[in-house]
Amino acid sequence: NYKNLRITESFGGEAVIMKNELAKGVFVKGVNSDEKNLKFIKDNIIDGNFENFEEGKIIVGKQLAINLGVVVGDRVNLMSSNFVTTPLGGFPMQENFEVAAVFSSGFFEFDQGVIFLNLKETLLFFNKTKKDLSLEIKLDDPLKADFYKKQIEEMNENYYVYSWADLNKSFFGALKLE
């Protein structure tokens, strides 16, 4: 009964990406670069190469790259909302990453606000463990998302289940207005 779906592990969090004097708030999406179903990312790369997506490297959206003035091979600083405690007090976790590729999804907000980072590094960056992972279920027919959502919620009421429609309510609200 559960054909035509794929389950992947992921984790995401908010951070600030910086290059020179420019800074931008972003959503860091941790993905397992070994996964076979990263077609969306692979198909939308406009500069660089997905095969270069390894530890120490990120993939950024076209609008973010333009706003920060970065190209493939540039190094950027990423600052987490998590703090590292030192004898001098708490400081935000920061790391430098190289831009491996630039993608263009066609959605301005997505292209300026989301970056992709290796899943293992994402967990380390946000000081999380495997127990903090999310599971994403990818469907061949996204219109069946609510059907699967209800079934999963019935399995265990302690699960937090969100569909793509739930996560993009403002986008659909804007479409309705037009």
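The values are calculated or read from the model by the stated rules, or taken from the named source; none is laboratory data. A quick note: this is a predicted structure, and the numbers were derived from the prediction, not measured. Glycine also receives a Cβ, built like all others from the backbone with ideal geometry; neighbour counts cover every protein chain displayed. Heads up: the accessible areas ignore ligands, DNA and RNA and are worked out on the full protein's heavy atoms, side chains in. Shrake-Rupley method; radii C 1.70, N 1.55, O 1.52, S 1.80 Å.
Take Tyr160 and decide whether it is over 22 Å from Ile41 (Cβ atoms), among the hydroxyl-bearing types (Ser, Thr, Tyr) and open to solvent by 70 Å² or more (accessible area, probe 1.4 Å).
Working: over 22 Å from Ile41 (Cβ atoms): yes; among the hydroxyl-bearing types (Ser, Thr, Tyr): yes; open to solvent by 70 Å² or more (accessible area, probe 1.4 Å): yes.
Here the answer is yes, as Tyr160 does meet what is asked.
Limited to segment 15-60, what total is found for residues that are in a helix (DSSP H, G or I) and among the small types (Gly, Ala, Ser)?
In the first step, residues of segment 15-60 are kept if they are in a helix (DSSP H, G or I); the result is 39-43, 50-52.
Filter again for among the small types (Gly, Ala, Ser), leaving none.
Of the residues in segment 15-60, 0 are in a helix (DSSP H, G or I) and among the small types (Gly, Ala, Ser).
I need a count of the residues in segment 61-83 that are of a type in the set (Lys, Arg) and either in contact with a His (Cβ under 8 Å, 6 or more places away or on another chain) or in a helix (DSSP H, G or I) (or both). Break it down into steps so the answer makes sense when it comes.
Residues of segment 61-83 that are of a type in the set (Lys, Arg), as a first pass: 62, 75.
Now restrict to residues that are either in contact with a His (Cβ under 8 Å, 6 or more places away or on another chain) or in a helix (DSSP H, G or I) (or both): 62.
Going through segment 61-83 one residue at a time, the tally reaches 1.
How many residues does segment 45-56 hold that are touching a residue at least 60 places away in the same chain (Cβ under 8 Å) and surrounded by 18 or more Cβ atoms within 10 Å (Cβ to Cβ)? Lay out the reasoning, then the answer.
Of segment 45-56, the ones touching a residue at least 60 places away in the same chain (Cβ under 8 Å) are 53-56.
Add one more test, that the residue is surrounded by 18 or more Cβ atoms within 10 Å (Cβ to Cβ), and what stays is 53.
Going through segment 45-56 one residue at a time, the tally reaches 1.
Here's the yes/no breakdown for (1) among the aliphatic types (A, V, I, L, M); (2) farther than 30 Å from Leu139 by Cβ; (3) surrounded by 11 or more Cβ atoms within 10 Å (Cβ to Cβ); (4) touching a residue at least 24 places away in the same chain (Cβ under 8 Å):
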| site | (1), (2), (3), (4) |
| --- | --- |
| Lys19 | no, yes, yes, yes |
| Lys24 | no, yes, yes, yes |
| Ile41 | yes, no, yes, yes |
| Ile58 | yes, no, yes, yes |
| Gly69 | no, yes, no, yes |
| Ser80 | no, yes, yes, yes |
| Thr86 | no, yes, no, no |
| Gly90 | no, yes, no, no |
| Met93 | yes, yes, yes, yes |
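Determine, yes or no, whether Lys36 is at pLDDT below 90 and open to solvent by 50 Å² or more (accessible area, probe 1.4 Å). Write out each step before concluding.
On the way: at pLDDT below 90: yes; open to solvent by 50 Å² or more (accessible area, probe 1.4 Å): yes.
For Lys36, the condition - at pLDDT below 90 and open to solvent by 50 Å² or more (accessible area, probe 1.4 Å) - is met.
Which condition does Lys144 not pass, out of (1) surrounded by fewer than 10 Cβ atoms within 10 Å (Cβ to Cβ); (2) part of a helix (DSSP H, G or I), if it passes all the others?
Unmet condition: (1).
Would you tally the residues in segment 105-136 being open to solvent by 100 Å² or more (accessible area, probe 1.4 Å) and either among the basic types (Lys, Arg) or in a helix (DSSP H, G or I) (or both)?
Of all residues in segment 105-136, those open to solvent by 100 Å² or more (accessible area, probe 1.4 Å) come to 107-109, 120, 124, 127, 130-131, 135.
If we keep only those that are either among the basic types (Lys, Arg) or in a helix (DSSP H, G or I) (or both) too, we end up with 108-109, 120, 124, 130-131.
Qualifying residue count for the region: 6.
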